[in-house]
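See below for the structure under consideration.
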Amino acid sequence: MTQEQHTQPGTNQSTIEVNNVSKWFGSVVAVNDISLQIRPGITGLLGPNGAGKTTLLHMIAGLSAPSEGTVTVLGEPVRDNPQLYHRIGVMSEHESVYGFYTGRQFVEFSARLYGITDVAQAVDKAIGSVALTDAQWRPLGTYSRGMRQRMRLAATMVHDPEVLLLDEPLNGTDPRQRIEFHQLIRQLADEGRTILISSHILEEVETLADRILLVVSGKLAASGNFRAIREKLDERPYRVRIVVSDLRAMAAGLMKMDTVDSVSVDPDGSLIVLTHDVGALQRSVPKVTKDLGLRLLRVDPLDDSLESVFSYVVEG
């Protein structure tokens with residue numbers, strides 16, 4: 001498949017549609033009435049262990065049938081649709097590789113499963129894209145965890161799929177490998193592919209994903225970019241750290257503001273301010289500091305990260 005055949009970036013057309021999907025195993029409900037739409041680009045699927053992320057991915061991949069509801073990918077029902085599987089690449093969380101296979105043999109095996117005609121060319125391209133050409137003749141058993149993850153990704157996309165479903169792909173990768181992975185995934189997304197990444201490494205997905213889906217206890221807790229999700233949680237106080245020349249004077253001044261819920265002194269010598277209107281607080285702090293004749297050294301939002309947003313959703 002050529003780049004031109006992929007869905008064009010920026011399209012409003014949904015690639016993946018999940019409608020009122022539930023999945024249960026006996027009396028255990030793994031996924032509970034989830035509906036969502038995923039468009040081209042990178043979407044992060046986040047949640048704690050046991051939240052239902054992998055079960056949801058399996059249903060989107062056609063590996064498992066919903067107990068209720070429907071799943072379509074690229075406009076077609078995904079379950080029992082072999083032709084559609086040629087347009088989807090799936091990388092599972094758990095490794096399923098033979099250590100005696102060389103990296104190239106492993107990717108070749110995947111290419112043959114997909115019925116690729118020019119296996120050598122497809123394998124060369126896939127292995128080159130993950131920067132493992134020099135290591136392709138070595139047995140997988142001699143690879144580091146991060147190298148095996150990258151070679152597994154090469155096998156996942158050897159048939160040039162339009163949709164990539166990646167379950168915990170960052171596991172075992174070091175910081176340099178994660179940067180390389182980010183660059184590769186961004187390049188694939190820019191070509192118009194739809195990429196759904198399941199992960200618990202929140203700070204990594206925060207910098208990579210265009211959209212985030214939070215799944216908690218089998219339910220879709222929130223969706224959007226992490227700032228949009230945070231805005232939905234405004235009933236929770238927003239924490240801001242303030243460092244100023246006189247903590248006590250600043251604390252007294254802040255407590256007179258209607259937008260401030262509480263002020264406490266942190267052991268590190270800063271003020272921790274809780275507010276429900278962080279915008280108003282940030283606009284007022286410079287004026288309060290000036291009026292009190294103090295020197296403002298630093299203002300840091302403590303909740304402006306996916307990590308804290310995720311904690312609020314789970315704990316709430």
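The values are calculated or read from the model by the stated rules, or taken from the named source; none is laboratory data. Note that the structure is predicted; figures quoted are calculated from it, not measured. In this analysis, Cβ positions are derived from the backbone assuming ideal geometry, glycine residues included, and neighbour counts consider all displayed protein chains.
Structure above, values below:
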| quantity | calculated |
| --- | --- |
| Residues satisfying the stated conditions in the stretch 149-174, i.e. of a type in the set (D, E, K, R) and either crowded, with 20+ Cβ neighbours inside 10 Å or closer than 18 Å to ALA111 by Cβ (or both) | ARG150, ARG152, ASP160, GLU162, ASP167 |
| The stretch 124-156, residues that are β-branched (Val, Ile, Thr) and within 17 Å of LEU188 (Cβ to Cβ) | ILE127, VAL130, THR156 |
| Residues satisfying the stated conditions in the stretch 278-301, i.e. among the charged types (D, E, K, R) and crowded, with 17+ Cβ neighbours inside 10 Å | none |
| Residue match in the stretch 134-141 (condition: at pLDDT below 90 and not in a loop (DSSP other than H, G, I, E, B)) | no |
| Test: GLN177 is in the same structural domain as TYR98 (by TED's automatic domain parsing) and loosely packed, with under 14 Cβ neighbours inside 10 Å | no |
| Candidate set from the stretch 68-97 (those that are touching a helix residue (DSSP H, G or I) at 6+ places or on another chain (Cβ under 8 Å) and either acidic (Asp, Glu) or loosely packed, with under 12 Cβ neighbours inside 10 Å (or both)); member that is modelled with the highest pLDDT | GLU76 |
| Residue that is more than 30 Å from GLY75 (Cα to Cα) and without any contact (Cβ under 8 Å) to a residue 24 or more places away in the chain, where the choices are GLN121, GLN105, GLN136 | GLN105 |
| Top-ranked residue of the stretch 232-263 - restricted to ones that are at pLDDT below 90 and in a strand (DSSP E or B), ranked as surrounded by the most Cβ atoms within 10 Å (Cβ to Cβ) | TYR238 |
| Meets criteria (among the aromatic types (Phe, Trp, Tyr) and exposed (fewer than 15 other Cβ atoms within 10 Å of the Cβ)) for PHE100 | yes |
| Qualifying residue in the stretch 41-63 (condition: closer than 26 Å to ILE229 by Cα, among the polar types (S, T, N, Q), in the same structural domain as ASP160 (by TED's automatic domain parsing) and assigned to a loop (DSSP other than H, G, I, E, B)) | yes |
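Residue-by-condition table, conditions (1) aliphatic (A, V, I, L, M); (2) within 17 Å of the chain's Cα centre (by Cα):
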| residue | (1), (2) |
| --- | --- |
| GLY44 | no, yes |
| ALA51 | yes, yes |
| LEU57 | yes, yes |
| LEU63 | yes, no |
| GLY69 | no, no |
| HIS94 | no, no |
| VAL119 | yes, no |
| THR133 | no, no |
